[in-house]
Structure formats: structure tokens, C-alpha cells
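Chemist: Below you will find the structure I want to go over with you.
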Ligand code: PAF
């Protein structure tokens with residue numbers, strides 16, 4: 001496995017693989033790798049790709065009061081995970097390599113960046129779309145793999161790739177969960193034992209919502225109220241950013257649950273913000 005820090009060497013190394021007719025698979029990450037990331041790496045490996053993983057804690061997607069400084073950076077362990085899972089190249093640029101000068105060019109994906117997390121993390125998706133556009137230009141992958149846990153991020157990246165004609169396929173991979181349902185996240189390590197226990201209410205509430213929809217409930221307000229009741233019963237909950245039921249493609253609120261909807265939640269336990277979601281396709285019923 002090759003560990004590369006500069007854009008120039010990365011390009012040379014990846015273009016050699018491309019010239020050898022390999023499909024370039026790309027898994028962008030901010031490190032602190034867990035089984036969710038590993039599932040993306042494995043998916044790329046199974047597809048037969050030349051697997052490139054980037055590890056870069058992207059400063060432009062963090063707000064001024066967010067956890068950029070304390071974001072976990074267990075690089076040695078991350079590299080071991082990559083090596084154990086057959087990654088070909090790990091790209092670990094520093095901030096100066098990625099943002100050499102003051103950034104004057106930004107990628108904004110309108111509309112779908114605005115609701116849900118966009119309301120609570122202004123500028124976040126601009127940072128994500130910009131760094132992904134830069135990484136796509138640097139790595140030039142054929143396929144890029146993202147987790148469904150960050151459903152809005154996935155929608156933003158898919159739209160950005162389509163609108164800007166990036167010649168790549170964006171593949172969405174299922175959320176990986178702990179046995180008690182908690183979605184894996186690099187931020188779960190911030191949780192105290194009580195918060196960790198309580199945080200399972202998010203997935204429990206999503207399952208209940210799913211059952212209600214399966215039972216024929218179509219009023220999003222009723223379902224949101226039920227989710228809220230389940231989550232607010234958790235002792236260590238600090239606040240709920242949102243509980244929303246939106247159209248799975250446009251991310252706009254729906255007034256009736258009929259087509260394919262995304263039920264999305266962001267809630268804080270202590271200062272840790274957790275997100276999770278579930279897609280329900282009523283057309284399949
Ligand atoms: O999901 C993440 O880890 C980040 O948002 C990403 C896609 C690597 C961009 O920094």
C-alpha cells in the first residue's frame with residue numbers, strides 16, 4: 001500500500017494504474033475509520049477497483065463553533081485498517097496541500113444543501129462539495145463510494161457530479177450499525193456511556209416510523225410527533241435539530257407520505273451531534 005501526501009505524486013501513481021486499465025475506485029474520508037468506512041473500501045475492492053482512500057479532515061466544512069480541533073485523527077490505526085483491507089493508495093494531504101492559497105472558488109449546490117443539516121450547519125455543504133470536487137479532480141476516479149448515513153451529503157455530491165459533468169459514478173452504500181441499531185460514526189466516540197445507551201433511541205424511532213408508514217399512516221406530522229416522543233424520553237438528550245420527512249430526491253418537505261421519502265433526524269447528546277435516516281419507498285408497497 002502506498003501512502004501519498006502530495007497531489008503531484010498521487011496523480012502520477014493513479015495514472016499508472018489507469019494506464020494499466022484498472023478502474024479507479026475512490027473512498028473519500030476524514031479518517032477515524034470504522035466499519036462503515038470499511039464497508040465502502042470492501043465494496044470498491046469487490047468491484048475489482050484500484051482502491052484509493054483519502055484521509056483529510058476538511059477545515060472548510062466545519063463551522064467556527066464546531067469540532068474541527070478535536071476531530072479524532074488516529075492516523076496510524078487508519079493506515080493499518082487500509083492496509084488490512086487491501087487499499088492500494090492512501091492519500092493524506094495536509095491542509096496546505098489542499099488549500100494552498102485563500103480559496104476564491106467554491107462549489108455551491110443550491111436547494112438540496114438548504115434544508116435539514118444545511119439549516120443548522122451554514123456553509124457545511126459548500127465545504128463538502130468543494131473538497132469533493134477538488135478530490136475528484138485530483139484522483140479522477142471512475143467510481144466514488146459514499147455512505148447512506150450522510151444522506152444529504154450523498155444527494156449533494158450526486159447532484160454536483162451530475163451538474164458539473166464529472167465522469168464518474170457515485171455509489172451509495174448502506175448505513176452500517178452497531179448491534180443495538182446505532183449508526184456508526186466517527187463522532188460516537190465522544191459519547192459518554194449514558195449518552196451512548198440513550199442514542200439508540202434514534203434508530204428505534206426510525207424503526208417505529210417505518211412500521212407506522214407500513215401500517216398505512218400517511219400524515220408526516222403524526223409520525224414526526226411519535227419520533228419526537230421517543231427521542232425526548234432519552235435522559236441525556238440535549239436538543240433535537242430536526243426531525244423531517246422529505247422527498248427522497250428533492251429533500252423537500254412532503255405533506256403526505258406517498259412516494260419515496262427520507263425520514264431524517266439530527267439530535268444532540270451532550271455536545272455530540274448525531275444524524276441518522278431511513279428511506280421508505282411507499283411505491284413498493
Ligand atoms: O463524509 C465525510 O467524511 C466527509 O464529509 C467527506 C465526504 C470525506 C468530505 O470531506
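Chemist: Does the stretch 216-234 contain any residue that is over 27 Å from residue 270 (Cα atoms), outside any loop (DSSP other than H, G, I, E, B) and touching a strand residue (DSSP E or B) at 6+ places or on another chain (Cβ under 8 Å)?
Modeler: yes
Chemist: Okay, moving on. What number of residues within the stretch 2-29 satisfy the criterion of being more than 20 Å from residue 174 (Cβ to Cβ) and either within 14 Å of the ligand (Cβ to nearest atom) or in a loop (DSSP other than H, G, I, E, B) (or both)?
Modeler: Adding up the residues that qualify gives 6.
Chemist: Taking the criterion of being within 16 Å of the ligand (Cβ to nearest atom) and within 25 Å of residue 247 (Cα to Cα), would at least one residue in the stretch 185-194 satisfy it?
Modeler: Checked the stretch 185-194: at least one residue is within 16 Å of the ligand (Cβ to nearest atom) and within 25 Å of residue 247 (Cα to Cα).
Chemist: Using the structure shown, decide if residue 111 is in a loop (DSSP other than H, G, I, E, B) and within 24 Å of residue 183 (Cα to Cα).
Modeler: no
Chemist: Continuing with this model, one more query. I'm told residue 147 meets every condition in (1) within 19 Å of the chain's Cα centre (by Cα); (2) buried (at least 17 other Cβ atoms within 10 Å of the Cβ); (3) more than 10 Å from the ligand (Cβ to nearest atom) except one. Can you identify the failing condition by its number?
Modeler: Unmet condition: (3).
Chemist: Could you tell me whether any residue of the stretch 154-173 is in contact with a strand residue (DSSP E or B) (Cβ under 6 Å, 6 or more places away or on another chain), more than 16 Å from the ligand (Cβ to nearest atom) and either assigned to a helix (DSSP H, G or I) or at pLDDT below 95 (or both)?
Modeler: Taking every residue of the stretch 154-173 in turn, none turns out to be in contact with a strand residue (DSSP E or B) (Cβ under 6 Å, 6 or more places away or on another chain), more than 16 Å from the ligand (Cβ to nearest atom) and either assigned to a helix (DSSP H, G or I) or at pLDDT below 95 (or both).
Chemist: Looking at (1) farther than 30 Å from residue 254 by Cα; (2) under 19 Å from the mean Cα position of the chain (by Cα); (3) surrounded by fewer than 19 Cβ atoms within 10 Å (Cβ to Cβ), which is the one condition that is false for residue 41?
Modeler: Condition not satisfied by residue 41: (3).
Chemist: For the stretch 90-112, give me the residue count where each residue is over 27 Å from residue 41 (Cβ atoms) and in contact (Cβ under 8 Å) with a residue 24 or more places away in the chain.
Modeler: 4
Chemist: Could you list, in sequence order, the residues of the stretch 228-266 that are touching a residue at least 40 places away in the same chain (Cβ under 8 Å) and farther than 21 Å from residue 212 by Cα?
Modeler: 235, 236, 241, 249, 250
Chemist: Something else now. Output the number of the condition that residue 195 fails; it satisfies all remaining conditions of (1) under 23 Å from the mean Cα position of the chain (by Cα); (2) surrounded by fewer than 17 Cβ atoms within 10 Å (Cβ to Cβ).
Modeler: Against the list (1) under 23 Å from the mean Cα position of the chain (by Cα); (2) surrounded by fewer than 17 Cβ atoms within 10 Å (Cβ to Cβ), residue 195 comes up short only on (2).
Chemist: Can you tell me which residue in the stretch 73-130 is surrounded by the most Cβ atoms within 10 Å (Cβ to Cβ), limited to those that are under 30 Å from residue 17 (Cβ atoms) and at pLDDT below 95?
Modeler: 103
Chemist: For residue 93, are the conditions met, namely being in a loop (DSSP other than H, G, I, E, B), within 13 Å of the ligand (Cβ to nearest atom) and touching a strand residue (DSSP E or B) at 6+ places or on another chain (Cβ under 8 Å)?
Modeler: Numbers: in a loop (DSSP other than H, G, I, E, B): yes; within 13 Å of the ligand (Cβ to nearest atom): yes; touching a strand residue (DSSP E or B) at 6+ places or on another chain (Cβ under 8 Å): yes.
Spelling it out, residue 93 is indeed in a loop (DSSP other than H, G, I, E, B), within 13 Å of the ligand (Cβ to nearest atom) and touching a strand residue (DSSP E or B) at 6+ places or on another chain (Cβ under 8 Å).
Chemist: Here's a follow-up. Any idea which of (1) within 19 Å of the chain's Cα centre (by Cα); (2) part of a helix (DSSP H, G or I); (3) under 20 Å from residue 148 (Cα atoms) is the one residue 53 doesn't satisfy?
Modeler: Exception for residue 53: condition (2).
Chemist: Which residues, counting only those in the stretch 30-42, are more than 15 Å from residue 168 (Cβ to Cβ) and within 16 Å of the ligand (Cβ to nearest atom)?
Modeler: Within the stretch 30-42, 30, 31, 32, 33, 34, 35, 36, 37, 38, 39, 41 qualify.
Chemist: For residue 79, which of the numbered conditions (1) within 15 Å of the ligand (Cβ to nearest atom); (2) touching a residue at least 60 places away in the same chain (Cβ under 8 Å) fails to hold?
Modeler: Tallying (1) within 15 Å of the ligand (Cβ to nearest atom); (2) touching a residue at least 60 places away in the same chain (Cβ under 8 Å), residue 79 fails exactly one: (1).
Chemist: With modelled with pLDDT of 95 or more, over 18 Å from residue 117 (Cα atoms), out of contact with any strand residue (DSSP E or B) (no Cβ under 8 Å at 6 or more places or on another chain) and assigned to a helix (DSSP H, G or I) as the only criterion, which of 179, 208 stands out?
Modeler: 208
Chemist: Which one is surrounded by the most Cβ atoms within 10 Å (Cβ to Cβ), of the residues in the stretch 49-66 that are modelled with pLDDT of 95 or more and more than 13 Å from the ligand (Cβ to nearest atom)?
Modeler: 51
The values are calculated or read from the model by the stated rules, or taken from the named source; none is laboratory data. Because the structure is predicted, anything quoted here is derived from the model rather than measured. All Cβ positions, even for glycine, are placed from backbone atoms using ideal geometry, and neighbour counts span all protein chains on display.
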